[in-house]
Every structure is written in structure tokens, then in C-alpha cells.
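Read through the structure below, which is laid out as C-alpha cells, and then see the notes.
The values are calculated or read from the model by the stated rules, or taken from the named source; none is laboratory data. Computed from a predicted model, the values in this text were never measured in an experiment. Quick reminder, even Gly has a Cβ in these numbers, built from the backbone with ideal geometry, and neighbours come from all protein chains shown. Only protein heavy atoms, including side chains, enter the accessible area calculation; ligands, DNA and RNA are left aside. Shrake-Rupley method; radii C 1.70, N 1.55, O 1.52, S 1.80 Å.
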Amino acid sequence: MYTQGLDSLGKECLHSSASETAALEARFQAKVDADDKIEPKDWMPDAYRQTLIRQISQHAHSEIVGMLPEGNWISRAPSLRRKAVLIAKVQDEGGHGMYLYSAAETLGISRDQMLEQLLAGTAKYSSIFNYPTLTWADIGAIGWLVDGAAIMNQIPICRCSYGPYARAMVRICKEESFHQRQGFEIMLALARGTPEQKAMAQDALNRWWWPSIMMFGPSDGDSKHTAQSMRWKIKRFTNDELRQKFIDVTAPQAEFLGLTIPDAQLQWNEATQHYDSGPIDWSEFHSVLKGNGPCNRERMQARRNAHEDGRWVREAAAAYAEKQKSRAASQAA
Ligand code: BYC
């Protein structure tokens, strides 16, 4: 739907001289600097378009792949209430993926192309979803930490320079905030439960803490896209700034739960008014990105199977649309 009417994309500068392109670029950057939104039919540098396609499609894939670790627990949620809430949450993630694919389509890529890239393994999705959900407490930890990290990263994207992405993020963030609270509430129930339940909550925190910290991406010195994305106001904060904000809000929450964050160097620093924390094991992050995390293969196989299982639905929908089209054509004749 969104790709309709994009035929004019880039035509403006197709035959333009270097000086005309420079003028277009200057006008574009002035608009970004003034905090105006860039809309699909506006002229934009190709690198800006490609950066957005990369980031938004990776984000969409993350939402869809992110349904898998939690979906794993729908049939084993400990009560009907927990089951209903979890179903709603997983369904929300599917919806987020759909808004984000639609936002990316406004840039001139089709959903089929994005899915092909995911299934071929050429598009990334968040490292965090390559970890297993071993106990019910993991569902609490995902909501509390993973959705908590997601909100920290995504609230600033509501002010992203690209209009369709920014607007999609407003609704997504409202839902993410509910997700974070449901996770924290699961953790609170476990932390105030039996010693076994509290131990389960602590074990989940032990396993999810560092992957959640890594979710924010490489540290600023190693982040190849941050500087340009900040100039374009696609990103409003660097990876390290967001990571620090997350640690600062989450550490007191762990204390409230009576749980211990697995970082011996985590300590409030009165001088900086931030928490100091220990070093991140970047070798683990890079290994997960290369496809060698605990669940990378399983996640990709699940997506490929889902795509194959849905083939008959796509074919039936296409055949039905074709039938409607020829019926309308014969009636018009
Ligand atoms: N995992 O230069 P950098 C969710 C890649 S959904 C994998 O800093 P950038 C949720 C990065 O793509 C969570 N790859 O990049 C869903 C780049 O590779 P390429 C997803 C990562 O783009 C369901 C390279 O490393 N959130 O929360 O400036 C249930 C260099 O990095 C990761 C989003 O997608 C990673 N963690 O910054 C619950 C938010 N980190 O493309 C929750 C939108 C980095 O050059 N995305 N890479 O091959 C962003 O804000 C940014 O894209 C990132 C990375 C901060 C993630």
C-alpha cells in the first residue's frame, strides 16, 4: 500500500548536477536541523534512505523473531491470567513488526524483499532473541529487562527525523511500557514468593542481565553508524548513553526486588550521579551476531518453517485477489 505513489522517488535529482544535489542535501539537512519531519515523498540522500531501511527492517525482524522465546511459554504460563496477558503481549510484538514493515515500505522496499533478507540470513535482528527461555521467570526477566531496554532505546525514536518511523514508535512505546510493567510484576511475584521462586527470579536475572546490556549495540568507539545517524536525527542518543540510562534506572529496581545484578563492579558513583559498571564481554556479542548464539539456528529455522507453512495462505489470498480482479473486469466490460 505504502509503496504506491513512490514512483517519483529520487527523480528530482536523477538528472541534477553536483551543485543541485548539494543544494538538495543542504535543504534536507536544514529541515532535519530544524526538527521538521522528513516524509516519504520528500527528497532525501540515498544513504539516509538506506540507513533507515536497514534500521527499521532490523527492528521489524526483531519484533517478529522476538515473539519466539516468549511464545514458547504461552502453553506453560502458570495461570489463566498469566496466559491471557502473555498472549496479548506476544500479539502486540507481531503488531509492532507489521507497523515497522509498513514504515520501511514507505522508503521503497517491499515486505517480501525484507522477509527474503531475513530468511537468507543477510538482515540482522536483535542479538537478545538468540538466548533461550528456560523457566517461567525468564518471561518476567524479558519483560522487565528486554522491554525495559527496548523502551529506553525506542522513546527517543519517537522524535526520529523520519515521520513514518517516528509515528509508528509512539504506539509501540505505549505498548512496550505495559510489557515492561507486566515483566516487573512477574519478577515481583516471584521475588516475594517461596525461596525456590526467588531463586528462579535471581537465576533469570543472572542470565538476562548481560545480554540486555549488550542489546544497546557496540560501545560508541566501535559503533560505525552512530555519528551519522545522530547528524540525521535518526538516533538522538549514542549506544553508550542509552546503556547508562538503562543501568541507572534498572539498578534501583533490582534492589527493590531484593535481587542482585550479576556485576560485582556495579556501584553508585556520587560524583558522576551514575552507576559505575563492569566491562562487557564483547566477544559474546560478536559471536551472537555471527550466528553462534545459543539459539540463532533454532530461531531462523522457526521463521523459515513459519514462512513455508504460510505458503498456502499467501497463494490462496493471491488466487482470490486475482479472481476478484477478473470478476470486476468482466462486470465492467
Ligand atoms: N543485535 O553502528 P551500530 C524489542 C549491529 S526489538 C544485533 O551501533 P546502529 C523487542 C548494527 O545493526 C529490539 N545487531 O548500529 C521485541 C550494525 O550492523 P549492520 C530491537 C546489532 O544501527 C520483542 C552493527 O551492529 N530494537 O525491543 O547505529 C519483544 C554496528 O552497530 C545490535 C531496535 O531495533 C544488536 N543488539 O545502532 C521485546 C531499535 N546492536 O547493520 C522487545 C532500533 C548493533 O551495519 N534500532 N547491531 O550490519 C536501533 O536503535 C539501532 O539500530 C541499534 C544499533 C541501537 C540497535
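Bridging of K224 to aspartates and glutamates at a Cα separation below 14 Å is possible for D240, once same-chain residues fewer than 8 apart are set aside. Heavy-atom accessible area, probed at 1.4 angstrom with all protein chains present, ranks F216, F178 as F178, F216, highest first. Of the solvent-accessible surface of the chain, computed with a 1.4 Å probe and all protein chains present, 56% belongs to carbon and sulfur.
Of T21, T226, T194, the order by accessible heavy-atom surface (1.4 Å probe, DNA, RNA and ligands excluded), from most exposed downward, is T194, T21, T226.
Cβ-Cβ distance of S79 and K323, R₀ of 56 Å, FRET efficiency by 1/(1 + (r/R0)^6): the value works out to about 0.75. Taking the longest Cα principal axis of the chain as reference, the axis of helix 163-191 is set at about 20 degrees. A full extension of the chain between A18 and A316 corresponds to an added length of 102.4 nm, given 0.36 nm per residue minus the alpha carbon distance. Working value for the chain: equivalent-ellipsoid semi-axes of 37, 28, 17 Å, each the square root of 5 times a Cα gyration tensor eigenvalue, largest first. Simple spin-label estimate for Q301 and D112 gives 2.9 nm between the two label positions (7 Å along the Cα-to-Cβ direction from each Cα). Measuring with a 1.4 angstrom probe and ignoring ligands and nucleic acids, R299 comes out at about 20 Å² accessible. Using only Cα atoms, tell me the angle between helix 195-214 and the longest principal axis of the chain; keep it within 0 to 90° and round to the nearest 10. Long axis of 195-214 versus the principal axis of the chain: about 40 degrees.
Note on the chain: GNM, Cα springs under 10 Å; of Y125, Y48, Y162, the largest mean-square fluctuation is that of Y48.
Label-to-label distance, A34 versus E196, with points set 7 angstrom from Cα along the beta-carbon direction: 6.5 nm. For the chain, find the longest principal axis of its Cα atoms and tell me its angle to the long axis of helix 311-332, 0 to 90°, nearest 10. Relative to the chain, helix 311-332 is tipped by roughly 30 degrees.
Once both labels are positioned 7 Å from their Cα atoms along Cα-to-Cβ, the gap between Q273 and A189 label points is 3.8 nm.
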